[in-house]
Amino acid sequence: MNKQKSLSLDVCSTLMTNIAQFMEYIPIDLPVQLWTSVFLEFDFLFDKLTKVYTTIKSNIPVTYDLTPILRIMMNILKVPYIAGVRLVLEPFSKLLTFILQNGTFQLEHIIELCSLSHRTFTRVNFFRFLFLITKTNISNVF
C-alpha cells in the first residue's frame, strides 16, 4: 500500500478481510513495545484507507463491505495498551466517521465499538476519545 498510488476495491477488501482475521488470533498480552509498533502501522493504514475510500467515494457510490475495518477497530480496542497510545486514535475516528456516513454496517458492530471504547478509555485523560467515538456514532447515525 505504501508504494502503490491507488488500490482497487477488490484488493482493498481482501486486504482488510485478511487483516481482520489475522488480528483475531494475535494474543493481546504481547509486550507493549510490540504493540506500539503495531499501532504505528495501523495509524498509517487507517490514514491511507481514509484517503483511498474518500477518493473512491467521489467516483463510485459506496456498495462495498466495510465490516472488516470495523472488526479491525474492535480488535485494536481489545488491546489493553491502547489507552496509553494516542497514535492510532485520530485516523481511527476519521475512518469511523467515513464508515458511518457512507458505508453499510450492522448496529451490533457499532454497539460493540462503543462498549469497547468505554471499557478501554476509562482514565480521565482519554475521555475525549471516548466521547469522540460516541459523539461520532450518534451524530452520524441520527
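The values are calculated or read from the model by the stated rules, or taken from the named source; none is laboratory data. Since we're looking at a predicted model, the values are computed, not measured. With ideal geometry, Cβ positions are generated from the backbone for all residues, glycine too; neighbour counts draw on all protein chains shown.
Picking from residues in the stretch 24-35 that are in a helix (DSSP H, G or I) and not polar (S, T, N, Q), the one that is modelled with the lowest pLDDT is V32. Under the condition of being touching a Leu at 6+ places or on another chain (Cβ under 6 Å) and buried (at least 18 other Cβ atoms within 10 Å of the Cβ), which residue from the stretch 104-135 is modelled with the highest pLDDT? Residue satisfying both the conditions and the ranking: L116. Can you tell me which of V62, V52, V38 is at pLDDT below 85 and in a helix (DSSP H, G or I)? That would be V52, the only listed residue that is at pLDDT below 85 and in a helix (DSSP H, G or I).
Taking only pairs six or more apart or across chains, which ones have beta-carbon atoms under 7 Å, a first residue in the stretch 8-23 that is at pLDDT below 85, and a second residue that is not in a helix (DSSP H, G or I)? As it stands, the answer is L9/Y64; S13/Y64; S13/D65, since those pairs meet every condition given.
Over 10 Å from the mean Cα position of the chain (by Cα), over 19 Å from T120 (Cα atoms) and buried (at least 19 other Cβ atoms within 10 Å of the Cβ): is that true of Y64 in this structure? Judged against the criteria, Y64 is not a match.
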